[in-house]
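Worksheet for the structure shown next.
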């Protein structure tokens with residue numbers, strides 16, 4: 001099947017590459033000529049495990065193409081996926097400016113049997129609006145489907161190839177059948193293909209992200225209470241997680257969520273509720289708790305050092321919003337960096353993949369270390385923000401030799417407090433009593 005993917009961001013590039021891997025002829029379109037030139041050379045603009053190899057294989061097999069020519073890509077395509085950005089506006093609603101530009105651009109070139117598919121996360125009602133806009137531009141009814149993505153950064157290839165489910169929103173059964181044929185190769189383990197209205201499909205994406213965000217904010221709020229009550233959040237998490245109604249997923253306390261999806265989708269869903277005259281109190285609380293949680297590590301550091309913080313050197317391990325990605329959008333690390341810079345601390349940072357993005361934002365305000373241990377040289381403390389695998393089993397004795405003071409602020413609870421006490425560290429984490437200090441200060 002001939003497919004056009006409009007937009008070569010995270011979703012568009014992963015979707016196009018995986019569909020090419022299943023035998024389709026896919027053309028990915030972007031207005032950025034430099035980006036297209038890089039992709040043609042095999043240079044991937046994002047870090048996603050396994051993606052570079054898949055792109056290379058499918059380009060060599062001539063199933064995957066990259067172009068800036070929208071008309072040529074769309075003209076012969078049976079399916080046109082819209083995968084452009086829908087960033088948050090100031091009021092939290094989704095900004096659809098790029099989407100409308102793309103709809104107008106593809107309209108003159110759509111084949112009679114073409115199906116336009118919104119892959120971007122868009123407000124409920126966007127499918128209907130796209131259909132009306134295409135009808136106005138083409139003078140005929142056009143099939144428009146919704147197919148929200150549920151990809152996790154760092155595991156996107158696996159998520160696409162072996163999805164928990166595929167959700168499509170259609171207005172005609174025939175369109176659903178075409179999309180079912182497209183996804184059959186990925187559903188061989190009896191995972192469900194769920195057909196519903198476009199409005200329900202659009203809502204499903206927002207609700208899924210909002211509920212996962214809610215679980216994160218809930219356990220973070222519980223963790224903060226555990227510290228005050230001298231309870232251990234990991235014990236509590238185990239105590240509730242074995243309840244089959246609750247489970248363990250997304251119940252790991254930390255310094256808040258970030259990335260391109262959860263923050264904006266929670267706000268967008270709340271904005272939709274306000275537009276319909278509803279008060280989305282839970283959604284607003286989820287967002288507020290998360291924003292507060294991003295400050296939790298800075299607060300611990302400030303209370304530990306007091307006025308001496310302005311002359312302290314703090315090492316930071318982990319800059320991306322989660323491991324196995326270079327994405328720093330809404331990353332908790334940025335909130336920590338901003339607050340520590342504001343009080344005058346010196347920051348030495350390391351991340352396996354996100355250093356270039358952070359350097360582009362902060363320039364020479366930070367010291368950049370190529371290796372984790374290098375970031376510790378002369379540091380008065382270490383703050384851990386992202387749970388990269390290489391941070392889990394460090395040489396603690398080498399850390400003590402390199403650091404000026406053996407103090408760790410662990411925003412991801414990577415280490416056992418008892419071990420840290422034995423190793424001679426002052427250790428603060430999330431939802432547990434700190435060790436190596438005279439009394440809890442939270």
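The values are calculated or read from the model by the stated rules, or taken from the named source; none is laboratory data. It should be emphasised that the depicted structure is a prediction, and the values quoted were computed from it without experimental measurement. Please note: Cβ atoms are built from the backbone with ideal geometry, for glycine as well, and neighbour counts cover all protein chains shown.
Residues are listed down the side, and each one gets a yes or a no for (1) more than 30 Å from residue 87 (Cα to Cα); (2) assigned by TED's automatic domain parsing to the domain that holds residue 154; (3) in contact with a strand residue (DSSP E or B) (Cβ under 8 Å, 6 or more places away or on another chain); (4) surrounded by 21 or more Cβ atoms within 10 Å (Cβ to Cβ):
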residue: 305; (1), (2), (3), (4): yes, no, yes, no
residue: 310; (1), (2), (3), (4): yes, no, no, no
residue: 313; (1), (2), (3), (4): yes, no, yes, no
residue: 318; (1), (2), (3), (4): no, no, yes, yes
residue: 325; (1), (2), (3), (4): no, no, no, yes
residue: 342; (1), (2), (3), (4): no, no, no, no
residue: 362; (1), (2), (3), (4): no, no, no, no
residue: 397; (1), (2), (3), (4): yes, no, no, no
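So is residue 131 touching a strand residue (DSSP E or B) at 6+ places or on another chain (Cβ under 6 Å), more than 23 Å from residue 261 (Cα to Cα), surrounded by fewer than 20 Cβ atoms within 10 Å (Cβ to Cβ) and in the same structural domain as residue 9 (by TED's automatic domain parsing) or not?
Values: touching a strand residue (DSSP E or B) at 6+ places or on another chain (Cβ under 6 Å): yes; more than 23 Å from residue 261 (Cα to Cα): yes; surrounded by fewer than 20 Cβ atoms within 10 Å (Cβ to Cβ): yes; in the same structural domain as residue 9 (by TED's automatic domain parsing): yes.
When the stated conditions are applied, residue 131 passes them.
Rundown of residues vs (1) modelled with pLDDT of 95 or more; (2) farther than 23 Å from residue 336 by Cβ, yes/no style:
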{"residue": "401", "(1), (2)": "yes, yes"}
{"residue": "406", "(1), (2)": "yes, no"}
{"residue": "409", "(1), (2)": "yes, no"}
{"residue": "415", "(1), (2)": "yes, no"}
{"residue": "425", "(1), (2)": "yes, no"}
{"residue": "432", "(1), (2)": "yes, no"}
{"residue": "439", "(1), (2)": "no, yes"}
{"residue": "442", "(1), (2)": "no, no"}
Given (1) within 19 Å of the chain's Cα centre (by Cα); (2) closer than 26 Å to residue 54 by Cα, where does residue 87 come up short, assuming only one miss? (2)
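Restricting the search to segment 232-248, which residues are surrounded by fewer than 19 Cβ atoms within 10 Å (Cβ to Cβ) and in contact (Cβ under 8 Å) with a residue 24 or more places away in the chain? Give the derivation first.
Our first condition is that a residue be surrounded by fewer than 19 Cβ atoms within 10 Å (Cβ to Cβ); within segment 232-248, this holds for 232, 235, 238-248.
The one that is surrounded by fewer than 19 Cβ atoms within 10 Å (Cβ to Cβ) and in contact (Cβ under 8 Å) with a residue 24 or more places away in the chain: 232.
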Give me the residue from segment 178-192 that is under 23 Å from residue 126 (Cβ atoms) and more than 24 Å from the chain's Cα centre (by Cα) and, out of that set, surrounded by the fewest Cβ atoms within 10 Å (Cβ to Cβ). 180
Residue 164 fails exactly one of (1) surrounded by 14 or more Cβ atoms within 10 Å (Cβ to Cβ); (2) at negative phi; (3) out of contact with any strand residue (DSSP E or B) (no Cβ under 8 Å at 6 or more places or on another chain), namely (1)
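Does residue 190 satisfy the condition of being more than 30 Å from residue 433 (Cα to Cα) and either in the same structural domain as residue 130 (by TED's automatic domain parsing) or touching a residue at least 60 places away in the same chain (Cβ under 8 Å) (or both)?
Numbers: more than 30 Å from residue 433 (Cα to Cα): yes; either in the same structural domain as residue 130 (by TED's automatic domain parsing) or touching a residue at least 60 places away in the same chain (Cβ under 8 Å) (or both): yes.
Yes.
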Filter pass, residue 76 being surrounded by fewer than 19 Cβ atoms within 10 Å (Cβ to Cβ) and in contact with a strand residue (DSSP E or B) (Cβ under 6 Å, 6 or more places away or on another chain): yes
Subset tally (residues that are in a loop (DSSP other than H, G, I, E, B) and touching a residue at least 60 places away in the same chain (Cβ under 8 Å)) for segment 388-428: 6
Looking for something under 24 Å from the mean Cα position of the chain (by Cα), free of Cβ contacts under 8 Å to residues at least 12 places away in the same chain and surrounded by fewer than 20 Cβ atoms within 10 Å (Cβ to Cβ) - is there at least one such residue anywhere in segment 97-108? yes
Exclusive hit being at pLDDT below 95 and more than 26 Å from residue 45 (Cβ to Cβ), set 190, 199: 190
Selected residue (only one of 308, 370, 360 is out of contact with any helix residue (DSSP H, G or I) (no Cβ under 7 Å at 6 or more places or on another chain) and part of a loop (DSSP other than H, G, I, E, B)): 370
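Within segment 273-285, can one find any residue that is more than 26 Å from residue 435 (Cβ to Cβ), surrounded by 20 or more Cβ atoms within 10 Å (Cβ to Cβ) and touching a residue at least 40 places away in the same chain (Cβ under 8 Å)?
yes
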Unique match (being surrounded by 19 or more Cβ atoms within 10 Å (Cβ to Cβ), touching a strand residue (DSSP E or B) at 6+ places or on another chain (Cβ under 8 Å) and more than 25 Å from residue 306 (Cα to Cα)) among 369, 383, 354: 369
